[in-house]
1. Please work out which residue is nearest to A:Ala6 (Cα to Cα), limiting yourself to the range A:166-198 and to residues that are in contact (Cβ under 8 Å) with a residue 24 or more places away in the chain and among the hydroxyl-bearing types (Ser, Thr, Tyr).
2. Can you list residue pairs whose Cβ atoms sit under 8 Å apart, with the first residue in the range B:58-75 being more than 7 Å from chain A (Cβ to nearest Cβ) and the second being part of a loop (DSSP other than H, G, I, E, B) and open to solvent by 40 Å² or more (accessible area, probe 1.4 Å)? Count only pairs 6 or more apart in sequence or on different chains.
3. Quick one: in the range A:59-74, of everything that is touching a residue at least 12 places away in the same chain (Cβ under 8 Å) and within 9 Å of chain B (Cβ to nearest Cβ), which residue is nearest to A:Ala159 (Cα to Cα)?
4. Can you find, within the range A:54-71, the residue that is nearest to A:Arg18 (Cα to Cα) among those that are modelled with pLDDT of 95 or more and within 14 Å of the chain's Cα centre (by Cα)?
5. Being crowded, with 21+ Cβ neighbours inside 10 Å and at the interface with chain A (Cβ under 7 Å from one of its Cβ atoms) is the filter; apply it to the range B:38-48 and report the residue that is farthest from the chain's Cα centre (by Cα).
6. Going by the structure shown, is A:Ser186 closer than 30 Å to A:Pro12 by Cα, polar (S, T, N, Q) and open to solvent by 30 Å² or more (accessible area, probe 1.4 Å)?
Amino acid sequence: MTEHNACPLPDPRFRSLRATEAEELGVLVERCAAGDREAFAELYKVVAPIVHGVCRRVMVDRGLAEETAQDVMVELWSKSAGYRPERGTVFAWAATVAHRRSVDRVRSEVSRRRREAALPEERELDGTDEALLREEDGRRVRDCLETLTELESQAVVHAYYDGLSYTEVATRLASPLPTVKSRIRSGLIRLRGCLEGN
Amino acid sequence: MSAMSNERRDELLVGLALDALDTPEEVAEARRLLHQDPTAAAEVTRFREAAAELARLSAVPPPAGGLDDALRRIDALEEGADASPGSAQPGSSSAPPEAGTARAEDPTAVPEGVLAFRPRRRLAPWIAAAAAIAIAVPSIGLAVAQHQRAAVAEAGTARIMELLSQPGAKLSSATLASGQGSLIVVSGGNGTDIITRELPDAGTDRTYQLWTIQAGGDPVSAGLVGGGDAVNSAGSQSAGTVVAITLEPAGGSQQPTQKPIAAVTLG
């Protein structure tokens with residue numbers, strides 16, 4: 001597919017779901033900052049599945065992934081006082097920390113060449129891959145991914161889920177670096193626009 | 001200020017949000033953009049929200065006992081934080097750890113040269129940060145006090161303070177082999193600042209060069225510095241990374257040509 005599908009209609013239910021979640025998680029993080037372990041337990045229930053999911057996808061090694069994911073959850077606790085809602089939702093904060101830590105650890109533990117060459121089976125974004133906890137939760141982003149060209153979504157998915165750098169994606173896809181950068185750029189911009197309801 | 005193409009700007013911001021930038025230099029460049037341009041910061045926030053939506057697709061049940069394990073780690077953390085700043089944790093080895101070697105077996109031990117500083121929540125971040133610097137490097141403590149009095153919002157100092165005010169921020173320092181000048185590294189979740197203080201003049205045909213060396217990796221240049229004081233930013237570094245400074249020919253080198261004149265290992 002080289003053309004772009006039309007964007008799905010803005011979804012008020014999706015937005016209100018996200019807004020409610022953001023507010024609730026914000027309150028939990030505030031309580032964590034005050035030392036409330038009950039609040040952390042609540043936060044863990046909502047956020048740990050995504051943190052573990054990201055670490056597993058990027059790091060592949062299950063033991064390493066779990067170790068890193070737990071480190072991330074503890075970091076959310078210890079940095080709860082520094083959380084600022086204007087910098088983004090708690091959810092995005094958790095996913096960002098999980099992704100960055102996983103990428104940092106993988107890049108320092110395994111050499112770049114090994115990772116580029118020994119690719120695990122092409123990862124497809126299908127629902128049977130792991131037990132998706134909340135099928136509904138991913139519906140909007142799946143719909144929005146459909147608005148990207150195949151090349152765009154392939155590049156974005158490789159960059160994000162495999163934790164690859166621009167150059168590593170270019171090597172993995174055997175495509176020129178400027179082309180790959182352009183696809184990842186336009187892909188994420190389009191994805192973001194769709195999710196924001198434009 | 002040089003004009004940056006929209007393409008390049010998007011490339012940096014998207015790359016930052018996806019952790020896809022190729023080098024620490026580009027990460028530093030992207031972070032500088034965020035500091036200088038509030039619209040850039042807002043864009044990255046929005047890109048990160050989009051990436052977080054992608055993350056939802058990979059959600060998996062955490063391992064059994066995961067919550068208990070996390071709570072146990074938190075308890076261990078809180079106990080460690082009750083130690084006053086300036087005291088090294090028990091269990092650290094007496095010899096400085098070398099790059100690439102295994103870390104001390106006790107995961108809560110603080111390697112020599114690293115001051116783990118976790119400000120208590122009620123302490124004003126500014127005061128806590130200034131205290132930490134003063135304890136670690138007396139000469140820099142004086143400089144901080146002067147800046148405070150003059151209330152000069154120097155970009156370098158503001159950034160150091162920002163990093164240090166986060167819980168979990170770490171300060172590592174080493175004096176140069178010659179005895180004059182210091183290397184101080186402030187590392188936090190959001191980045192790493194490498195401060196060089198009172199370096200002797202390198203001379204016209206030489207320059208100091210900073211390096212980050214991840215465990216098992218090759219040295220990566222973190223920039224050139226001259227004599228005197230300077231602050232360089234690098235991206236967030238993983239534990240065990242060594243930050244080193246060498247003296248190189250003017251213009252710098254691809255890889256270090258000399259042994260480091262100072263080095264710290266990040267905890």
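The values are calculated or read from the model by the stated rules, or taken from the named source; none is laboratory data. Computed from a predicted model, the values in this text were never measured in an experiment. Positions of Cβ are generated from backbone atoms using ideal geometry, with glycine treated the same way; all protein chains shown enter the neighbour counts. Accessible surface areas use protein heavy atoms only, side chains included; no ligands, DNA or RNA. Shrake-Rupley method; radii C 1.70, N 1.55, O 1.52, S 1.80 Å.
1. A:Ser186
2. So the pair list comes out empty.
3. Quick first cut of the range A:59-74, residues touching a residue at least 12 places away in the same chain (Cβ under 8 Å) only: A:59-60, A:64-66, A:68-69, A:71-73.
From what's left, within 9 Å of chain B (Cβ to nearest Cβ): A:66, A:69, A:71, A:73.
Details: A:Glu66: 21, A:Ala69: 19, A:Asp71: 23, A:Met73: 23 Å.
Looking at the filtered set, the residue picked out is A:Ala69.
4. Filtering the range A:54-71 for residues that are modelled with pLDDT of 95 or more and within 14 Å of the chain's Cα centre (by Cα), the one nearest to A:Arg18 (Cα to Cα) comes out as A:Val54.
5. B:Phe47
6. The answer is yes for A:Ser186.
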